[in-house]
Amino acid sequence: MKGTLRVLSAEWYRARHSRVLAVAAFFLAVVAALRVVAAWLADRATYAAAVQRALSQSRPAPPPPGPGNAWSPFVDGWLAGLTVATLLLLIASARSLAGDREAGLLRVARTRSASRTALVLGRALLGILLVLGALAVTGLGSFTAASSLYIFGPITEGGFTIYAQEELRAELLSALLATLAPLLATWVFGLCISSLARGGTGAVSAALAVYLGFDLFKEVLGPRQYWVFAAFNPSFVDKSCLHEMSGIARGLSDAGYSAALYAQNLWLPWPWAAGMLLVACVVMRRRAL
Amino acid sequence: MPAALSVRNLVKSYGSVRAVQDVSFEVPQGSVCGLLGPNGSGKTTTLSCALGLLPFDKGAIEVLGLPAHRIHDTAGRVAVVFDGATLADGLTCRQNLQYARRTLGHAGGRSDDEALQLTGIAELAGRRAGGLSLGQRRRLSIARALIGRPELLVLDEPLSGLDTVGVRAMLQLFTRLHEQGLTVLVSSHRLPEMETILTRAAIIMGGRLLREASLDELLQGQRLRLRVRAAPAPDAVAALARLPGVTVLERRPDDELIVLPGPTSPAAVNAALVAAGCAVSALVPERSTLLSVFESLVDEQRAQGVEVPA
């Protein structure tokens, strides 16, 4: 256990002091914020088109809309940031073991004080910090942009409140909780591929190919796709709980996971992660470093 | 005193290729031991097995009294500098040391500044490792190995890629480290340079251990070799063949003969050649060096019919 914590401490130190992490964090925050800005621009464009249409028909221009509710663009921004974050996390984890093995850093750590298992487990624990960091950075970027351009308030329709702010916060918290486990499983998936690959580039290519391949073709599996942890991740073909939260923030009454699917989202990624971690440990115990 | 590193009957194969065959040697504490041999002779494979980085087929290896697969339990008492500087390129020199120290798990022993000063790169502490020259990277790798309290320092091909000045500086550094009480195991194919710092050597070729002894023993036990130029060469070869115990090891394309005189003195060899009517233009007894020891071991292998790469 001490060895694992030492590896975690060393890897966290390296991550904190590398420019890549700072650039990636900034990039993710910008992606999340840009998604909000894009939604705001789309709203402005819709209003401008309405004004132009009215003027061309010699009618008075409609009054400018209010700032609008921030919840929907906020969740969409967070979702966009997390979609990119998922891929970056996958790239980082796939590069991790294989790249360090290629660079000889695993040999150095191994001969000084880290067991082979600790080399894997320490990096797996680093994933928790990076996933939480990704959630925080994308959330912050999206929140900053949304609160600058919109106003947070309850979801209403025809004067009736569909979702109060407290309900929206609770739904968001549930959705984030549901996003956490599959993201961690994705990190471990990257480590697993990394332990099997010969080099960093090959590991990253293989991990992306498998992950994006599943994302593109998961619809073919129908409801069975939800037996794979990756189905619950924010992605380009999004089926995640956070995506459903985006529907809720728009006031859609049929949005949201069923209780059974939500429960599956919460527990299923853990056995996946445990299994893949075991494979990574076994492989690393046998590999030449 | 137990050996710092003990390798007994090590066998390692890659598929059907046997890379290391029954290799045994010891690195006594306080020694500077060389694992010497040409490229591809099995040095790095032997070291990788000894350091718990590569599973092996047979044999027993102990590092500071622990089996090789538990090398991490030595808790930093073993430090290794691998061929090809293994650094985190995105970090500065000082950060590389801090990174290694965190893996090591304790802050005691030699400080970062001491290690950087000892290796002569104190002024580069703030530079990113990715921007360093090969020699500087090698020094940083050594500095990283020196932090904490290493007792056994293992260096794999530490001189490769260095210029003459770099080689000299590196050899001086190894000597200084040895004087500070470190046991050093160095793997290299640079025999002349290694001869200046080693106290002990194991010579390995084709995955086989040819000799293991202290440097003094190796050089004293070396049989004399003669480089002979005599014309006509065929007559010279015939004359030498008639002498008792004399072996002509090689006739080179320029008609230079490499001769093992055995009990016959160089003067007697010269006299025999002159008596046979040969014009002797050169007869050079070779000084006993690590390189000549190695060459004679290669010759012995060839004489025994073992295939030796050119």
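Things worth noting here:
- In segment A:14-23, the residues that are more than 7 Å from chain B (Cβ to nearest Cβ) and either outside any helix (DSSP H, G or I) or open to solvent by less than 50 Å² (accessible area, probe 1.4 Å) (or both): A:Ala15
- Of the residues making up segment B:248-260, none is in the same structural domain as B:Pro38 (by TED's automatic domain parsing) and over 30 Å from B:Lys58 (Cβ atoms).
- Of the criteria (1) closer than 26 Å to A:Ala103 by Cα; (2) modelled with pLDDT of 95 or more, which one A:Thr201 fails: (2)
- Sole residue being at negative phi, polar (S, T, N, Q), open to solvent by 30 Å² or more (accessible area, probe 1.4 Å) and outside any helix (DSSP H, G or I), chosen from A:Thr144, A:Thr161: A:Thr161
- Residues (more than 9 Å from chain A (Cβ to nearest Cβ) and surrounded by fewer than 23 Cβ atoms within 10 Å (Cβ to Cβ)) located in segment B:84-94: B:Arg94
- Within segment B:245-279, considering residues that are hydrophobic (A, V, I, L, M, F, W, C) and over 18 Å from B:Ala231 (Cβ atoms), the one surrounded by the fewest Cβ atoms within 10 Å (Cβ to Cβ): B:Ala267
- From A:Leu125, A:Leu82, A:Leu130, A:Leu89, residue being closer than 15 Å to A:Leu180 by Cβ, within 14 Å of another protein chain (Cβ to nearest Cβ) and part of a helix (DSSP H, G or I): A:Leu125
- Only listed residue being modelled with pLDDT of 90 or more and either on the phi < 0 side of the Ramachandran plot or not hydroxyl-bearing (Ser, Thr, Tyr) (or both), chosen from A:Ala10, A:Ala61: A:Ala10
- Filtering segment B:74-83 to residues that are within 8 Å of another protein chain (Cβ to nearest Cβ) and not β-branched (Val, Ile, Thr) leaves B:Ala75, B:Gly76, B:Ala79, B:Phe82.
- Restricting B:Leu116, B:Leu97 to residues that are within 14 Å of chain A (Cβ to nearest Cβ) and modelled with pLDDT of 90 or more narrows the list to B:Leu97.
- Single match in B:Arg242, B:Arg208, B:Arg227 (criterion: farther than 30 Å from B:Val32 by Cα, at pLDDT 85 or above and open to solvent by 60 Å² or more (accessible area, probe 1.4 Å)): B:Arg242
- Residue in segment B:264-275 that is in contact (Cβ under 8 Å) with a residue 12 or more places away in the chain, under 28 Å from the mean Cα position of the chain (by Cα) and not assigned by TED's automatic domain parsing to the domain that holds B:Gly37 present: no
- Screening A:Arg116 on (1) open to solvent by less than 10 Å² (accessible area, probe 1.4 Å); (2) within 27 Å of B:Leu5 (Cβ to Cβ) shows it passes everything except condition (1).
Here is a yes/no grid of residues against (1) open to solvent by 30 Å² or more (accessible area, probe 1.4 Å); (2) of a type outside the set (Ser, Thr, Tyr); (3) in contact (Cβ under 8 Å) with a residue 24 or more places away in the chain:
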residue: A:Ala230; (1), (2), (3): no, yes, yes
residue: A:Phe236; (1), (2), (3): yes, yes, yes
residue: A:Lys239; (1), (2), (3): yes, yes, no
residue: A:Gly247; (1), (2), (3): no, yes, no
residue: A:Ala259; (1), (2), (3): yes, yes, no
residue: A:Trp270; (1), (2), (3): yes, yes, yes
residue: A:Ala274; (1), (2), (3): yes, yes, no
residue: A:Leu278; (1), (2), (3): yes, yes, no
residue: A:Cys281; (1), (2), (3): no, yes, yes
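- Residue match in segment A:39-46 (condition: of a type outside the set (Phe, Trp, Tyr) and either on the phi > 0 side of the Ramachandran plot or outside any helix (DSSP H, G or I) (or both)): no
- Members of segment B:32-61 that are open to solvent by 10 Å² or more (accessible area, probe 1.4 Å), more than 17 Å from A:Arg287 (Cβ to Cβ) and either of a type in the set (S, T, N, Q) or more than 20 Å from the chain's Cα centre (by Cα) (or both): B:Asn39, B:Lys58, B:Gly59, B:Ala60
- Sole residue being of a type in the set (Phe, Trp, Tyr), surrounded by fewer than 16 Cβ atoms within 10 Å (Cβ to Cβ), away from every other protein chain (no Cβ under 14 Å) and within 21 Å of the chain's Cα centre (by Cα), chosen from A:Phe74, A:Phe26: A:Phe26
- Against the conditions (1) away from every other protein chain (no Cβ under 14 Å); (2) assigned to a helix (DSSP H, G or I), A:Glu11 satisfies every one except (1).
The values are calculated or read from the model by the stated rules, or taken from the named source; none is laboratory data. Here the structure is a predicted model, which means the values were calculated and not measured. Every residue, glycine as well, gets a Cβ built from its backbone with ideal geometry; the counts of neighbours run over all protein chains shown. Quick note on the areas: whole protein, heavy atoms, side chains included, nothing else; ligands and nucleic acids left out. Shrake-Rupley method; radii C 1.70, N 1.55, O 1.52, S 1.80 Å.
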